[in-house]
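For reference, the structure is listed below as structure tokens.
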Amino acid sequence: MTVREYKLVVLGSGGVGKSALTVQFVQSVFVDRYDPTIEDSYRKQVEVDKQQCMLEILDTAGTEQFTAMRDLYMKTGQGFILVFSIIAPGTDDDLIGLQAQILRVKDTDRVPIVLVGNKCDLEEDRRVPRGRGESLSQRFGAPYYETSARTRINVDEVFHNLVRQINRQHPVQDKKKIKCKIL
């Protein structure tokens, strides 16, 4: 059985929970402290729709000073998780530029993307309405999930949905050998 590899990239503003979401998915641990990421890479084998998948997940910097690195991982990424925080207004607006940059770098109008409103366990502190996430979802043509890295709400679903989108856009070619008769 072959294991297909996927290159996933997690993008969003600083402090929205990109690393917490990624570490919760990969290691089932919640990272409570904020330690700004420059760039971290994780690998995890999962089963999605009865298919073994090796996910290479790039957890990116949320700060503006590392934008030069963005073009490179946008070019090599197959699917993107765009994260904002439901308790931090403006972090949703930042995703509009990121999505446009992804499409420009990949020179296409359709890329597998999942939109994530993180920190839904902090509903009482919500500053970005649910409707805003749904509106961005329609604009991007991407599914929208509200997640909690702390309580693991919808964490697996986000990554699995992205794998399914990549599979739909780039189906595995059947590699059955065709035998030719030499005359």
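The values are calculated or read from the model by the stated rules, or taken from the named source; none is laboratory data. Small disclaimer: the values here were computed from a predicted structure and weren't measured. With ideal geometry, Cβ positions are generated from the backbone for all residues, glycine too; neighbour counts draw on all protein chains shown. When the accessible area is computed, the model is the full protein with side chains, heavy atoms only, and any ligands, DNA or RNA have been set aside. Shrake-Rupley method; radii C 1.70, N 1.55, O 1.52, S 1.80 Å.
Here are the numbers for the structure shown:
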| quantity | calculated |
| --- | --- |
| Shape of region 29-140, Cα gyration tensor, a/c cut at 1.5 | rounded |
| The chain - percent of accessible surface contributed by carbon and sulfur, probe 1.4 Å | 50 percent |
| Dipole moment magnitude, nearest 20 debye, region 1-134 about Cα centre, only Lys, Arg, Asp, Glu C-beta charged | 340 debye |
